[in-house]
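Worksheet: one structure, shown below.
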Amino acid sequence: MPTSLVLKVLPQYCERSGIGLFSEPLNTASNAFFFIAAWISWRTSRHLGGVHARILPFIGLTVAVGIGSTLWHMFATPWAHLFDVVPILLFQIYFLWLYCRQTVGMAWQATILLQLLYVGVSFWGSKHQEWLNGVLLYSSTIVLLLIAGFDHYFRSKREPFLLLLAAL
């Protein structure tokens, strides 16, 4: 692969050892867990009485995240970067929609405003990759998980620590 095709915004936290399909072997291999998680979610849903329509997008987006992340860590090109970040963002937006509407009972208008704010903060963080070695990009996700996690805990939902654990 020509050097000019290597992604210019390549985060420094990646283990990229050079140019080539397997220059990030650990990151590439770890993407198998997305496919395993999607398969387990599908199997569990079927076992519990059928795959609910709200779960299908999560399963599909989990597979898309696995594909996109694999492409990103194999090729490290601008097009692969889009295949990596877009499914992740869509997964997060869908989660935010369902959590706000189904768990919190928030009005759809307020939920859309919150989603727009979330996307805006995420986009802003992506433009400042030099700050904290690119971690700022993930700050909106961590804040979202902490808020949802504490909300989930104080509402005494099943598995009250699950979202807080995800934030870690």
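The set of residues in region 120-159 that are part of a loop (DSSP other than H, G, I, E, B) and surrounded by 15 or more Cβ atoms within 10 Å (Cβ to Cβ) contains only GLN129. Checking each residue in region 42-82 for being of a type in the set (Ser, Thr, Tyr) and open to solvent by less than 50 Å² (accessible area, probe 1.4 Å) picks out SER45, THR62, SER69, THR70, THR77. Looking across THR103, THR111, one residue alone is surrounded by 15 or more Cβ atoms within 10 Å (Cβ to Cβ), more than 14 Å from the chain's Cα centre (by Cα) and closer than 23 Å to ARG54 by Cβ. It is THR111.
Would you call GLY66 small (Gly, Ala, Ser) and within 26 Å of ALA29 (Cα to Cα)? Break it down stepwise before answering.
Working: small (Gly, Ala, Ser): yes; within 26 Å of ALA29 (Cα to Cα): yes.
The answer is yes for GLY66.
Which of the residues that make up region 26-41 are among the β-branched types (Val, Ile, Thr) and open to solvent by 50 Å² or more (accessible area, probe 1.4 Å)? Matches in region 26-41: ILE36, ILE40.
Can you tell which of VAL104, VAL85 is among the β-branched types (Val, Ile, Thr), touching a helix residue (DSSP H, G or I) at 6+ places or on another chain (Cβ under 9 Å) and farther than 22 Å from PHE33 by Cβ?
Details: VAL85 fails: farther than 22 Å from PHE33 by Cβ.
Selected residue: VAL104, the only one of VAL104, VAL85 that is among the β-branched types (Val, Ile, Thr), touching a helix residue (DSSP H, G or I) at 6+ places or on another chain (Cβ under 9 Å) and farther than 22 Å from PHE33 by Cβ.
Restricting attention to region 145-160, does a residue exist that is of a type in the set (S, T, N, Q) and within 19 Å of TYR99 (Cα to Cα)? Checked region 145-160: at least one residue is of a type in the set (S, T, N, Q) and within 19 Å of TYR99 (Cα to Cα).
The values are calculated or read from the model by the stated rules, or taken from the named source; none is laboratory data. Remember, it's a predicted structure, so these values are computed and weren't measured experimentally. All Cβ positions, glycine included, derive from the backbone under ideal geometry; neighbour counts span all protein chains shown. In case anyone asks, the SASA skips ligands and DNA or RNA and just uses the protein heavy atoms, side chains included. Shrake-Rupley method; radii C 1.70, N 1.55, O 1.52, S 1.80 Å.
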